Amino acid sequence: MLLAQHVALAETLGQTTDPDTAKALLMEMQEVLHRINLVQNLLFNEGSESLDAKLPAVSKASNDLSKALKSVDDLTEFLGSAANFLQSVDQAVDLAKMLAAS
């Protein structure tokens, strides 16, 4: 989902001509890329039910962000959706870090 959102952000960036929108998109692309790097560095030997339980929230937030990208002219809605997506991802990443350390 992170990779898909990064691609969607990049595609939307390529279609915008508004400098404020472009700046917001670039900022969110950096945030998503940071999470991609974090997740790539975490290796798991086995799955975790508690980590799997985070997936529905991340998926919903990803869908909301996808919808917000379709009307990126509303920066407030877009930034709110991006923040919710990143918050959901961060909760899963934090849990994954704890599981990887144990």
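Expressed as a whole percent, the proportion of Cα-Cα pairs in the chain lying more than 23 Å apart is 27%. Report note on the peptides 48-54, 75-81: ranked by the mean count of other C-beta atoms within 10 Å, highest first, their order is 75-81, 48-54.
None of the figures in this text is laboratory data; all of them are computed from the coordinates on show. Here the structure is a predicted model, which means the values were calculated and not measured. All Cβ positions, even for glycine, are placed from backbone atoms using ideal geometry, and neighbour counts span all protein chains on display.
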